[in-house]
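Reviewing the structure listed below.
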Amino acid sequence: MIILRAVLFIFCLKSAAAWDSEQLEVFDVVDEVKENFYTLLNVSQTATNQEIKSAFRALSLKLHPDKNPHVDTSVQFRNLVAVYEVLRSSTKRQYYDEVLVNGLPNWRSAVYYYRYVRKMGMVEVCIILFVIVTIGQYLVNWASYFERKYTIEQNKKVKRGKKSDKTQEPAVILEKPSITDTLPVQIPRLLWFIIISLPKALGLIKTAVVQQIEEVRKPPPPEEPEEAPVRIKTVRKRNKGFVLPDKPNFETTFHNSTTESNASSPPPVSSGGLWTDDDLAELVKLVKKYPGGTSGRWETIAEIMGRSVPEVTYMANKMKENCYKLSNEQEEEPIQVKVKQKTKKEVDGGDDVKKWSQSQQKALEEALAKYPKGCAERWDKIADCVPNKTKEECMMRFRYLAETVKKQKESTEQQPPD
């Protein structure tokens, strides 16, 4: 008897396992419609696909919900569509013909429950799973509680057996699980905590965004200017009888000493050929473009002109002796600088001292204010600021103006009061 039951059970399993998805769909439609499909479409069982299609179109026009606003025909129209989907497919139609002959399978089988579970919506499935998880969580909490309680009792029994141990440990209080420790209560708590913390989180995000915007809008820090290399000036030998005047403060150069030093040193070898007037004019422009104090001044000028550094410096000193005047230009009388200490005589600087334009005079005044007394290479920088004027001319103009102002002050003091 037991063997017979086992064989029947295996046979039922094989027959259940042989059902595919299309068969299950046919079973579902048969269960829902509960009417012969051919009778519903008013066709014979041996009707062709074209006849079934024509019958479906005729009935769909009659049973469509839009055609029947006063009568609810949605269920009939849905059944009609389901029947047509089964009969239009040759495979599903064959399965339906088998059902007409053999009937539906056993309703007590697992497929019965599978069909009804398939009809459940997503919301229903989520609710069922939520209830199952909640019950499982509650049972697991109780199991954990009993396990900890059992462990504590066993530890107490072990310690009672040891008579030497007289220390009393504090009693451990275990909290019993409650409904508040399950998902239906924990999820609302979590949502409430998120709602309370949301303003604070938004404030932190806003602060971070504002700081980021301020950092973007903040202008970059100004670059520190590069410190100009400090040039150490060597003490030059001065001629006998030379006395440094107190006023005004300016630098003087003597051509005799420079010519002697230049004459004593031999000229460097010319690497770029002979110097033409165009080369000398370009040299004058480059010397004014790169004034004293510029890093790598002579190397830059030599690289532009395609000559060596000693050759360029040697020719620059020669041009400096001629006040940067070319040979084809009209020779002017050398500027005579008469420096005497504490004298009231007029400075003899020639007509060039008085022939100054307004723009040159303004440039001289701005340069004097920009480079005050004590500034390194003061007159070289002032001469670079005044257009078409050399260092010696600027010095003579300053001396001339100082003497003129001094004379005006003396004349005003000597006039008798009215």
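The values are calculated or read from the model by the stated rules, or taken from the named source; none is laboratory data. Keep in mind it's a predicted model, so treat the numbers as computed, not measured. Here Cβ is always computed from backbone atoms with ideal geometry, including for glycine, and neighbour counts include all displayed protein chains.
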Members of segment 50-100 that are touching a Lys or Arg at 6+ places or on another chain (Cβ under 7 Å) and surrounded by 16 or more Cβ atoms within 10 Å (Cβ to Cβ): 52, 86, 87
Could you check how many residues of segment 172-195 are farther than 24 Å from residue 140 by Cα and exposed (fewer than 10 other Cβ atoms within 10 Å of the Cβ)? 1
Among the residues listed as 140, 117, 123, the single one being in a helix (DSSP H, G or I), at pLDDT 90 or above and within 60 Å of the chain's Cα centre (by Cα): 140
At pLDDT below 85 and surrounded by fewer than 17 Cβ atoms within 10 Å (Cβ to Cβ): does that describe residue 310? no
Whichever residue in segment 276-312 is outside any helix (DSSP H, G or I) and in contact with an Asp or Glu (Cβ under 7 Å, 6 or more places away or on another chain) and, among such residues, is farthest from residue 386 (Cα to Cα): 293
Counting only residues that are closer than 20 Å to residue 291 by Cβ, surrounded by fewer than 17 Cβ atoms within 10 Å (Cβ to Cβ) and either touching a Cys at 6+ places or on another chain (Cβ under 8 Å) or free of Cβ contacts under 8 Å to residues at least 12 places away in the same chain (or both), how many does segment 375-411 have? 1
For residue 190, are the conditions met, namely being outside the structural domain of residue 129 (by TED's automatic domain parsing), modelled with pLDDT of 90 or more, over 30 Å from residue 127 (Cβ atoms) and within 55 Å of the chain's Cα centre (by Cα)? no
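For every residue, the table says whether it meets (1) aliphatic (A, V, I, L, M); (2) in a loop (DSSP other than H, G, I, E, B).
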| residue | (1), (2) |
| --- | --- |
| 361 | no, no |
| 369 | yes, no |
| 373 | no, yes |
| 383 | yes, no |
| 387 | no, yes |
